[in-house]
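A.B. asks: Sending over a structure as structure tokens; questions will come in a sec.
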Amino acid sequence: MKVGVIVAAVFATCALLVGSAGAMRADNPVLTGDVGAGDSFTITLKDAAGQSVKHLDPGAYTLVIHDHSSLHNFDFSGPGAAATTDVEFIGDKTFTVTLGDGTYFFQCDPHSAQMRGSFTVGAVTTTTTPTPPAPPPAPATTKASASIAGSASTFKPSSGLSAGAFVIAVNDRSASDGFRLSGPGVSKATGAAFRGKVTWTVKLKAGRYSFGSALHPKLRHSFTVTA
């Protein structure tokens, strides 16, 4: 009887400790990062109240990253903490990070010049202006994709685009039409009889561009590039 009582007590104690550890993890404040929703050039980090993160207290946090696009990634870094997703990855990832006094940064690595943010923790307050590390050089090109099949055509991303050099992977799946892209300084198309994949390297300027059917203007769409 005594041995049975002791064993039961040991199991009860272990269950209590495991439950307490799980509760501690669940009690961590949650930070939510989003990047590339709809293949857009957007990145955010918000607290449990849905507010953009500006300043936090030191401690352990649960970082939940929603990576919506294979064109972008979410890279989080700062004193004693780092978390990232791969550019090709699409999905959700959860990390536990311990934040101390200092400044923390988040960005999309391929587009860090326009997709980035920062916040402070602990003794470093938002009234000071921290000196962030110099961002890596802006990429020479922005990747995009385009396709045509029957009467349907796509161009991704089609929003949040800034002027610059682009590498566009075109997938022409129509045997009777071609894919056409035209706008300021650009006029390119695949042949009507062509069927396959090509890559275009172009420089898009500020203005409106049209894309879609090479033969039927009514089957074309448009997007805007900003300066």
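A.B. asks: What FRET efficiency would be calculated for the residue pair Thr44, Glu88, taking the C-beta separation as r and a Förster radius of 25 Å, to the nearest 0.05?
C.D. replies: So the FRET efficiency works out to roughly 0.75.
A.B. asks: Full extension from Leu215 to Val198: what is 0.36 nm times the residue separation minus their Cα-Cα distance, to one decimal in nm?
C.D. replies: Going from the current span to full extension adds 4.3 nm.
A.B. asks: Classify region 163-227 from the C-alpha gyration tensor, please: rounded if a/c falls under 1.5, else prolate or oblate depending on whether a/b exceeds b/c.
C.D. replies: oblate
A.B. asks: Let me ask you something else. Report D for region 106-227 in µm² per second (integer): Stokes-Einstein, Kirkwood Rh on Cα pairs, 10 °C, 1.306 mPa s.
C.D. replies: Estimated diffusion coefficient is 97 µm²/s.
A.B. asks: Using 19 Å as the cut-off for backbone N distance, which residues of region 60-81 belong to the label zone defined by a point 7 Å from the Cα of Thr103 along Cα→Cβ?
C.D. replies: 75-81
A.B. asks: On a 18 Å Cα-Cα criterion, which of the cross-link pairs Lys143/Lys197; Lys143/Lys203; Lys93/Lys156; Lys156/Lys203; Lys143/Lys205; Lys46/Lys93 come out too long?
C.D. replies: Listed pairs above 18 Å: Lys93/Lys156.
A short reminder: the numbers here are calculations on the coordinates, not readings from a lab. Owing to the predicted nature of the structure, the values given are computational and were not obtained by experimental measurement. Quick reminder, even Gly has a Cβ in these numbers, built from the backbone with ideal geometry, and neighbours come from all protein chains shown.
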